[in-house]
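Asks: This is the structure I have questions about; it appears just below.
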Amino acid sequence: MAGEEQMIKSEAMLTIWRRHTPQCPHRRKGREYLKCDCPLWADGYVNGKRTLRQSLKTCDMARARKKAVALESPDAGVFKPVPDAVKSFLEHCKSEGLQDSTIRKYRNALDKLAEFCKTEEIDSLQELRAENLDQFRAGRGLAQITAGKELEILRLFLTFCMNRDWTKENAAKKIKLPRNIKANEVVPYTPAEMTAILRACNRIGKQQYERLRARAMILTFRCTALRIGDVSTLARDRISRDGDTWRIFIRTEKSGQPVFLPVPPDLKEALDRVPPPMSTVESRYFFWNGTGKVETHKGHMHRLLQAVFKASGVKGAHAHRFRHTLATELLGRGASFEDVADVLGNSPEIVRKHYGKWSAARQMRIDELMNHVHIDLVQVEGDTVVLQ
């Protein structure tokens, strides 16, 4: 129909037209011709004077109409494309100093959301509803724990967008977090497994350089419960002498007080024997030469650990199990949740939740405490037992 070839008015009274490309065969027909696939633009006029000319960044007429309404109607809110919002959020996270590993997790989840919105023709945040997020999450096929963490990321992202008036509601908060999720079963290393892992350090790689590094790293994990990122970039000046005791600096508390752990002789000897990384004698790190990206180096160290774990034959071995091992041992020896939290850098609540599982060592400590109580018991008048 001839009417379809004319420039059309959106519901917001903006004029939508095609900006023909040089290759368009209909270019001579003028911008009123709309049956091609050239980019769509919008013009707005007040009293015959043009007040708006803007690309709608689409070639699809249905999407163009929605964007035109958002541009003109104050009730429609700011038209913010989902990919643009994701980009702004990630840039904000970077400016706030979040770790690269955290930003990478955010990017993975939100890039998937942007892809979903593109497939479902959801152009702006204003169009994103709880039912859309339900559909997105159902298609992800994630385990409950991972799905819950991704939902928290979506909530955080949409809160960020609400604070900037890009959307009027946080649709993710209408979705309940999964409950009664059974945590992943993580068990501490047994003494036999630790022996197997340390012996495996002597069988990996082609040179003594790799084996000495592996042994020092394993002992550092075992004695400090540091995470792989901290161990892979462990600086030499974090080891210091305090009288007859060597100590390793773990972190600085919010109060500004430094936290140290004692360094056992085996660990100190292993660190002293570590060759300079990549023959960089002046390197201030034990396992890194200080060049390149931290994440790249961390990946190298992860592969080194995987080689050790594979050679050891220990099932389910990974770096985080060293934290469970140290936490379980400390709790078994009578340490409080607050004590373990100080060592691991977690809150007491997190320690109770993730590391407070009952163990044989804790049972032995309970038995020992109760035996001390039983010693103080005396028997009087037949079967009556009272405390002395």
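The values are calculated or read from the model by the stated rules, or taken from the named source; none is laboratory data. Given the structure is predicted, the values throughout are model-derived calculations rather than measurements. Counting neighbours? That spans all protein chains shown, and the Cβs are built from the backbone with ideal geometry, glycine included. Each accessible area value is taken on the protein alone, full model and side chains, heavy atoms only, with ligands, DNA and RNA left out. Shrake-Rupley method; radii C 1.70, N 1.55, O 1.52, S 1.80 Å.
Asks: Mind listing whichever residues of segment 278-307 are touching a residue at least 60 places away in the same chain (Cβ under 8 Å), part of a helix (DSSP H, G or I) and open to solvent by less than 40 Å² (accessible area, probe 1.4 Å)?
Replies: Across segment 278-307, the qualifying residues are H297, M301, L304, L305.
Asks: Starting from segment 81-93, keep only residues that are at negative phi, then list their pairs with residues that are of a type in the set (V, I, T) whose Cβ atoms are within a distance under 7 Å, requiring at least 6 positions of separation or different chains.
Replies: V82/I122; L90/I103; C93/I103
Asks: Cβ contacts < 6 Å: first residue open to solvent by 30 Å² or more (accessible area, probe 1.4 Å), restricted to segment 220-233; second residue in a helix (DSSP H, G or I), any location; separation 6+ or different chain. Result?
Replies: Sorted first by the residue in segment 220-233, then by its partner, the pairs are R222/F322; C223/L267.
Asks: Considering only segment 182-209, state which residues are of a type outside the set (S, T, Y), surrounded by 11 or more Cβ atoms within 10 Å (Cβ to Cβ) and either part of a helix (DSSP H, G or I) or at pLDDT 95 or above (or both).
Replies: If we filter segment 182-209 for residues that are of a type outside the set (S, T, Y), which is where we start, we get 182-188, 191-194, 196-208.
Adding the requirement that they be surrounded by 11 or more Cβ atoms within 10 Å (Cβ to Cβ) leaves 186-188, 193-194, 196-205, 208.
Scanning segment 182-209 gives E193, M194, A196, I197, L198, R199, A200, C201, N202, R203, Q208.
Asks: Inspect all residues belonging to segment 95-113 and state whether any of them is open to solvent by less than 30 Å² (accessible area, probe 1.4 Å), at pLDDT 80 or above, more than 30 Å from Q23 (Cβ to Cβ) and among the β-branched types (V, I, T).
Replies: yes
Asks: Just to verify a result, which residue in segment 252-277, among those that are closer than 25 Å to H302 by Cβ and modelled with pLDDT under 90, is least open to solvent (accessible area, probe 1.4 Å)?
Replies: P277
Asks: Let me ask another. Confirm whether E121 is in contact (Cβ under 8 Å) with a residue 12 or more places away in the chain and within 27 Å of K66 (Cα to Cα).
Replies: On the way: in contact (Cβ under 8 Å) with a residue 12 or more places away in the chain: yes; within 27 Å of K66 (Cα to Cα): yes.
Spelling it out, E121 is indeed in contact (Cβ under 8 Å) with a residue 12 or more places away in the chain and within 27 Å of K66 (Cα to Cα).
Asks: Would you mention how many residues in segment 209-219 are without any contact (Cβ under 8 Å) to a residue 60 or more places away in the chain and under 24 Å from G292 (Cα atoms)? Break it down into steps so the answer makes sense when it comes.
Replies: Pass one, segment 209-219, residues without any contact (Cβ under 8 Å) to a residue 60 or more places away in the chain: 211, 215, 219.
Keeping just the survivors that are under 24 Å from G292 (Cα atoms) gives 211, 215.
Residues meeting the conditions: 2.
Asks: For segment 165-179, which residues satisfy the criterion of being closer than 24 Å to K87 by Cα, open to solvent by 90 Å² or more (accessible area, probe 1.4 Å) and not in a helix (DSSP H, G or I)?
Replies: D165, K168
Asks: Given segment 312-388, what helices (runs of 4 or more DSSP H) lie entirely inside it while holding 2 or more residues that are at pLDDT 85 or above?
Replies: Numbers: elements: 321-332, 337-344, 348-355, 360-375.
Of the helices (runs of 4 or more DSSP H) lying wholly inside segment 312-388, those with at least 2 residues that are at pLDDT 85 or above span 321-332, 337-344, 348-355.
Asks: Determine whether T233 is within 22 Å of H354 (Cα to Cα) and β-branched (V, I, T).
Replies: Details: within 22 Å of H354 (Cα to Cα): no; β-branched (V, I, T): yes.
Answer is no for this residue.
Asks: Please list, ordered by first then second residue, the pairs with beta carbon atoms under 6 Å, 6 or more apart or interchain, first in segment 324-352 and free of Cβ contacts under 8 Å to residues at least 24 places away in the same chain, second open to solvent by 30 Å² or more (accessible area, probe 1.4 Å) and assigned to a loop (DSSP other than H, G, I, E, B).
Replies: Sorted first by the residue in segment 324-352, then by its partner, the pairs are A341/S347.
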